[in-house]
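The values are calculated or read from the model by the stated rules, or taken from the named source; none is laboratory data. Given the structure is predicted, the values throughout are model-derived calculations rather than measurements. Cβ: placed from backbone, ideal geometry, glycine included. Neighbour counts: every protein chain shown.
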Amino acid sequence: MQLDFSSDLSNVVKIIDTLKHKKGALLPILHQIQREIGYIPLKTIDTIAKKLQQTPAEIHGVISFYHQFRTSQPGEHKIQICRAEACQSRGSRELEQHAKEHLDIEYRGTTADKKFSLDSVYCLGNCATGPNVRINDELYGRVSNEKFERLVSTFKTQVKGR
Amino acid sequence: MMNIKMFIPRESTALSLGAHDVARAVSDYSTQHKTELNLIRNGSRGMFWLEPMVEVETSKGRFAYGPVDVSDVPSIMEDITTNLLSKHTQEHRLALGLTEELAYLKKQTRLTFARAGITDPLSLNDYLALDGFSGLHKALAATSQEIVSTVVDSGLRGRGGAAFPTGIKWQTVHDAPSDKKYIVCNADEGDSGTFADRLVMECDPFMLIEGMIIAGLAVGADEGYIYLRSEYPVADEILQEAIVIATKEGYLGNDICGSGRTFNLEVRLGAEAYICGEETSLLESMEGKRGVVRFKPPLPAIEGFFGKPTVVNNVLSLSAIPYILSQGGQAYQQYGANRSRGTLPFQLAGNVKQGGLIELPFGSTLQSLLDDFSGGTQSARPIRAIQVGGPLGAYLPTSKFDIPLDYEEFTNASAVLGHGGIVIFDDTVDMLEQARFSMEFCVDESCGKCTPCRIGSTRGVEVIDRIKYDDSRAENMILLSDLCETMINGSLCAMGSMTPIPVISAYKDFPEDFHLPSNNAVLEETNHG
Ligand SMILES: Cc1cc2nc3c(=O)[nH]c(=O)nc-3n(C[C@H](O)[C@H](O)[C@H](O)COP(=O)(O)O)c2cc1C
Ligand code: SF4
Ligand code: FES
């Protein structure tokens, strides 16, 4: 959901206040921010740092360490292709190539219409029925090039669910 | 009106192949045909090529159909009503017969996975009916030392990869004087080719919860965390619900089963970082930091989560505990071979026709596992290489398929049994590309603390590229082997020190892919693999 920036900040404050009592609260907080806003806006880092009594550099360091956290707006639907070994052995290298061409973007890219972001992931735990693709929170197995195109066109016409 | 009890999994693999759609089609059909349907969303039996597998209860046991597509639903429902329920026969092309009679299941020894796919993962009644929480009741009646000793007697070794004896780890935490201790379940399951942890969490979550409560009682910890990789949203959802149920029913909380003992449990999500499966990196991550590996000592058992004594155990280690407490350490330790006791849930993956979960006692061989279960490759081409033990494990050529599946036997063969993942490649695999990928994976996933791992892996990719394009091939082979040597000896943790294992196995056992003659002098020099 796209929110204007002031409501982002007040949401972020609310998220931090609800979660900061937890031991090692930073990851749960970052997850919740990304869940609600879609990414972690750079401008929220100062707020997080102040509230947790840490430096902005520390917060930034944590965000940049983890592949999952991002500081820019992603596409409406997040597509991840598994590029780990078990999927390679079932054709994921070809699927990756096809997906990049079909969407006309590279990994970490977002399509011009802002519908899709493409990322890689190392293993989705579905290693006997690859190649595997995750779209938002849904997992798809045995994804051929044709199935990939079908999935993309389904999501293209679909209104964002979460 | 006919009454039908059916089972359709809500487990990730089944879902990834359309199980929700099949379930919807089944209930639509029964609404239209006015049949009384009792549809259970169970876990998976772990026979993934048959998913979505639909089961039907009859007086003779459960019969299966699979793999079921939505378009098959009407004809299957007809077969059920006209043949199966009245005559106990199946005529449908997807009929599999009695589930329990399927060879894939019959040949296994399911101790940890005894309930998987049979029960509704969130039914406490199902769990209790199949021996659930009987281990906990034994533990509540025992002293903490008695629990630890039972685990020592079982011979259980950590299933997360390092195979450290679980009982000894627990003893250390038990003996550490502290006002606060923690149980941390390592559910980061990052290895490609593995899914056994996920299956436990999605198919039998109460078993993991029970194992963690028992661990708490054993070492004197009243707080537990499951560090779960965020790639597993279904496991997250099921675990969260299971924790709510277990708390409501008095298994978790401040008065476990009326004993006055306390154990609280929480799920924490990772954020796509392979290194956070390494236990000290995991603890850093749980403390809200970058997942940078800590120096050891101190061991987490002495100074773990926020400096307190902490048991860090893999999902499968903790899941073996309820059986061990319920049946006794001896019952568990009678299975297995040499110093590898009990069973290991192997995970057959990659280019394989019949992939899935195969729980067997240690001591069998890769070849017999392939013969008994695999059904050959998915592509119907010959197998060329198998990577066992995840991305840091060796690629084995066919000549090594007879190594016994046993921790020490694998180590002696410069291979890794690890978490039991078995990834099959057919003869189209390019082993130079696989070696390159191992280095590339290390570039992406290194925590960055030490140079051989952080920079060495980048150099590794470059060197392999030069070999690939025949740019001073012989010199670069020597460089690659030196680099591997440096990474092995100069890395703080297994990420850097084991990345060379798949690389070395690739160029030693598949030299032709590096355009090297098999009697190449370079290979003779590099014998440290
Ligand atoms: C790079 C690396 C990744 C690891 N990943 C995992 C993992 O995903 N799951 C796991 O249980 N153990 C993993 N381990 C092993 C843990 O460090 C630790 O040994 C284990 O959690 C201890 O539990 P156990 O004794 O029950 O096996 C990893 C180790 C290394 C070096
Ligand atoms: S070997 Fe790699 S992952 Fe391990 S501590 Fe060193 S840099 Fe970090
Ligand atoms: S390797 Fe792709 S899902 Fe495991």
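Below, the figures for the structure above:
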item: B:S491 vs. criteria hydroxyl-bearing (S, T, Y), more than 16 Å from ligand 2 (Cβ to nearest atom), touching a residue at least 12 places away in the same chain (Cβ under 8 Å) and crowded, with 19+ Cβ neighbours inside 10 Å; result: no
item: Test: residue in the range A:96-103 that is assigned by the TED database to the domain that holds A:Y122, without any contact (Cβ under 8 Å) to a residue 12 or more places away in the chain, touching a helix residue (DSSP H, G or I) at 6+ places or on another chain (Cβ under 8 Å) and surrounded by 19 or more Cβ atoms within 10 Å (Cβ to Cβ); result: no
item: Number of positions in the range B:159-194 that are within 14 Å of another protein chain (Cβ to nearest Cβ) and in a loop (DSSP other than H, G, I, E, B); result: 9
item: Some residue of the range B:109-127 being under 19 Å from the mean Cα position of the chain (by Cα), among the β-branched types (V, I, T) and surrounded by fewer than 19 Cβ atoms within 10 Å (Cβ to Cβ); result: yes
item: Helices (runs of 4 or more DSSP H) wholly inside the range A:51-162 containing at least 2 residues that are within 12 Å of chain B (Cβ to nearest Cβ) and within 17 Å of the chain's Cα centre (by Cα); result: A:56-65
item: Residue check, B:V293 within 16 Å of ligand 2 (Cβ to nearest atom), outside any helix (DSSP H, G or I) and within 14 Å of chain A (Cβ to nearest Cβ); result: yes
item: Scope the range B:35-77; condition of a type outside the set (A, V, I, L, M), within 14 Å of chain A (Cβ to nearest Cβ) and assigned to a helix (DSSP H, G or I); matching residues; result: B:F48, B:W49
item: Selection count, the range B:152-181, where residues are under 16 Å from B:I302 (Cα atoms) and among the basic types (K, R); result: 3
item: Hits in the range B:303-328 - residues which are more than 23 Å from B:T150 (Cβ to Cβ) and away from chain A (no Cβ under 14 Å); result: B:E303
item: Tally, over the range A:48-78, of residues that are crowded, with 19+ Cβ neighbours inside 10 Å and farther than 17 Å from A:I135 by Cα; result: 6
item: Whichever residue in the range B:194-237 is among the acidic types (D, E) and surrounded by 24 or more Cβ atoms within 10 Å (Cβ to Cβ) and, among such residues, is farthest from ligand 3 (Cβ to nearest atom); result: B:E210
item: The range B:151-193 - residue that is among the polar types (S, T, N, Q) and closer than 18 Å to B:A494 by Cβ and, of those, farthest from ligand 3 (Cβ to nearest atom); result: B:N186
item: Residues (touching a residue at least 60 places away in the same chain (Cβ under 8 Å) and away from chain A (no Cβ under 14 Å)) located in the range B:340-376; result: B:S340, B:R341, B:G342, B:T343, B:L344, B:E359, B:L360, B:P361, B:D372
item: Any hit, the range B:242-250, residues being free of Cβ contacts under 8 Å to residues at least 60 places away in the same chain and at positive phi; result: yes
item: Hits in the range B:377-402 (condition: within 21 Å of the chain's Cα centre (by Cα), more than 10 Å from every other protein chain (Cβ to nearest Cβ), under 22 Å from B:R341 (Cβ atoms) and in a loop (DSSP other than H, G, I, E, B)); result: B:G389
item: B:Y251, sole failed condition from (1) surrounded by fewer than 24 Cβ atoms within 10 Å (Cβ to Cβ); (2) under 21 Å from the mean Cα position of the chain (by Cα); result: (2)
item: Of all residues making up the range B:250-290, the number that are facing chain A (nearest Cβ under 10 Å), more than 16 Å from ligand 2 (Cβ to nearest atom) and in a helix (DSSP H, G or I); result: 1
